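Notes follow the structure.
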Amino acid sequence: MSIAVAKADLPAFLARVADECEKAVSAYLETARPNLRFQRQMLFAIAALRECSARTALESPDIRLVQEAASDAAAVCRTLPPDESIISVTAFLEEVVAVCDGFLDESVRVGDGVAWQRFLFADADVSVTRRDGLWRVRVGSRETEEKLLDIALGELLPMPNHRIAELAVEILHWYAHSERH
């Protein structure tokens, strides 16, 4: 559920999220083996949050930059084992994406009312949702729906079966853990 943020309050909101993300990422990095891809995405997202929070007025390109940086960082977070810090960071970033969505022109936004979860692996960028007992997978503009997640992934991703299975396990692990919270 997205919180309501007035456009004048957006810089302060972004500053608060940047602070919270920095704390959570620091806590994660103290206990986890450093993942350079994760660190790079988080540094960019936090830098975008900080830069835009320092402005008095944000225009659509600024909001889109923050939205995309937060979306990419949240997607990378979902490729890590879901612990408390990572779930916290992901929730903050998802909130930024939702708030930014509210400020962007409806004609530019893409969505069908379904809660998609984006996963940004080193070799694949996929969005996944579950509805009516079926897995829906989206890669770019292509989409499929299957009873089994690995079958749906295999239809859209040109990679070996063992890699499809690895991605499916990581996605299922995230879904199983995040549903408990």
Assigned by TED's automatic domain parsing to the domain that holds Pro11, of a type outside the set (Ser, Thr, Tyr) and under 19 Å from Tyr175 (Cβ atoms) - does that describe any residue in region 97-107? yes
Scan of region 154-172 for residues that are under 18 Å from the mean Cα position of the chain (by Cα) and either surrounded by 15 or more Cβ atoms within 10 Å (Cβ to Cβ) or of a type in the set (D, E, K, R) (or both), ordered by number: Leu167, Ala168, Glu170, Ile171
Tabulated pairs, region 7-26, first under 18 Å from Leu65 (Cα atoms), second of a type in the set (Lys, Arg) and part of a helix (DSSP H, G or I), C-beta under 9 angstrom, 6+ apart or interchain: Leu14/Arg50; Ala15/Arg50; Ala18/Arg50
Could you identify the single residue in Arg118, Arg163 that is part of a helix (DSSP H, G or I) and either touching a strand residue (DSSP E or B) at 6+ places or on another chain (Cβ under 7 Å) or not small (Gly, Ala, Ser) (or both)? Arg163
For region 1-24, check the following and say yes or no: at least one residue is among the hydrophobic types (A, V, I, L, M, F, W, C), in contact with a Leu (Cβ under 9 Å, 6 or more places away or on another chain) and within 30 Å of Ala165 (Cβ to Cβ). no
Just the residues that are within 21 Å of Phe38 (Cβ to Cβ) and of a type in the set (D, E, K, R), please, taken from region 122-150. Asp123, Asp125
Can you tell me which residue within region 53-84, out of those that are within 8 Å of the chain's Cα centre (by Cα) and outside any loop (DSSP other than H, G, I, E, B), is nearest to Phe13 (Cα to Cα)? Ala70
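The values are calculated or read from the model by the stated rules, or taken from the named source; none is laboratory data. Because the structure is a prediction, the values reported are computed rather than measured. Note: ideal-geometry Cβ built from the backbone for every residue, glycine included; neighbour counts use all protein chains shown.
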